[in-house]
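The values are calculated or read from the model by the stated rules, or taken from the named source; none is laboratory data. Fair warning: this is a prediction, and the values are worked out from it, not measured in the lab. Note that each Cβ is placed from the backbone with ideal geometry, even for glycine, and that neighbours are counted across all protein chains shown. Side chains included, ligands, DNA and RNA excluded: accessible areas come from the protein's heavy atoms. Shrake-Rupley method; radii C 1.70, N 1.55, O 1.52, S 1.80 Å.
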Amino acid sequence: MRVENSFLPAAGVGERTERRLWQHGVTHWTDFDGDGPGIGDATAENIYSFIDAAERALDAGNTSFFADALPSGELWRLYENVADDVAFFDIETTGLDQHSSVVTTVSVHRGGDTTTLVRGSDLTAERLQALLDAPMVASFNGKRFDAPFLEHHFDLSLDSPHLDLMYPCRRLDLTGGLKQVERDLGVDRAEVDDVDGREAVRLWRRYAEDNDEAALDRLVTYNQYDTQNLQTILDAVAERLHRDVFEPHV
């Protein structure tokens, strides 16, 4: 499903009205001709106004327009439009409190490449800003954890539309943490299957205190799996939501 299939942002259009439009054959912005079941003159004008603004935003690459326009929980509809340039990101830290803990590594998977920045080496605000300046950023529980950590420690402003996968996963009854969702979807991380958040902290300490490069390599591999698997999960979740939300009505 692409954002051009969406009419929800138009004033007066709810989920039922949008479904009726799809069932009536209006499945894309270009299909709308001012008519449709339950569409009065005022709602038709609102839809035309939304389509005009949305087309201009899409042409200009202004994805923030859709983050503001789409209802909460529907940002996944934009994913297919920007899938080639989404910045999937995940951080590792020394603890859960952003005031008493520090960020140790940050991995960003974007355009098929994964970059990991390491504290004390290349983990800087400038590098982070460049990697995360994308049409969309995606995380798992990142709105509550990763993003606040980065904004606090690096004085960043993460302005890109942020798709937190935890919420669309819950919509599909994929609950629990990232590792549980991976297991439910059959997503593999065999090289570091025995590493968890606590072990990640221990690996960093072994590197920071004992200069254990092997520990850092393992931590980086673990962190990279987090981001790469996010793309695999989002691909699966977006496809399931497409089948549940859109396909039954077209």
Answer with yes or no whether Tyr222 is in contact (Cβ under 8 Å) with a residue 40 or more places away in the chain and in contact with a Gly (Cβ under 7 Å, 6 or more places away or on another chain). no
Among the numbered conditions (1) without any contact (Cβ under 8 Å) to a residue 24 or more places away in the chain; (2) over 30 Å from Glu18 (Cα atoms); (3) part of a loop (DSSP other than H, G, I, E, B); (4) touching a helix residue (DSSP H, G or I) at 6+ places or on another chain (Cβ under 8 Å), tell me where Val187 comes up short. (1)
For Asn211, the lone unmet condition from (1) polar (S, T, N, Q); (2) on the phi > 0 side of the Ramachandran plot; (3) under 16 Å from the mean Cα position of the chain (by Cα); (4) open to solvent by 60 Å² or more (accessible area, probe 1.4 Å) is (3)
Can Arg240 be described as surrounded by fewer than 21 Cβ atoms within 10 Å (Cβ to Cβ), assigned to a helix (DSSP H, G or I) and free of Cβ contacts under 8 Å to residues at least 60 places away in the same chain? no
Look through region 75-91, keep the residues that are open to solvent by less than 10 Å² (accessible area, probe 1.4 Å) and touching a Pro at 6+ places or on another chain (Cβ under 9 Å), and return whichever of them is nearest to Arg170 (Cα to Cα). Trp76
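Listed here are the residues, each with its yes/no results for (1) outside any helix (DSSP H, G or I); (2) open to solvent by 20 Å² or more (accessible area, probe 1.4 Å).
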| position | (1), (2) |
| --- | --- |
| Val13 | yes, no |
| Arg16 | no, yes |
| Arg20 | no, yes |
| Thr27 | yes, yes |
| Thr30 | no, yes |
| Pro37 | yes, yes |
| Thr43 | no, yes |
| Asp52 | no, yes |
| Arg56 | no, yes |
Which residue pairs have Cβ atoms under 7 Å apart, sit 6 or more places apart or on different chains, and have a first residue in region 74-85 that is part of a helix (DSSP H, G or I) and a second that is of a type in the set (Phe, Trp, Tyr) and open to solvent by less than 20 Å² (accessible area, probe 1.4 Å)? Leu78/Phe66
Could you please let me know if Glu247 is at pLDDT 95 or above, under 23 Å from the mean Cα position of the chain (by Cα) and open to solvent by 70 Å² or more (accessible area, probe 1.4 Å)? yes
Filtered residue count, region 190-202, keeping only those that are farther than 16 Å from Thr227 by Cβ, outside any loop (DSSP other than H, G, I, E, B) and either open to solvent by less than 80 Å² (accessible area, probe 1.4 Å) or in contact (Cβ under 8 Å) with a residue 40 or more places away in the chain (or both): 3
Among the residues in region 220-230, are any open to solvent by 70 Å² or more (accessible area, probe 1.4 Å) and among the charged types (D, E, K, R)? no
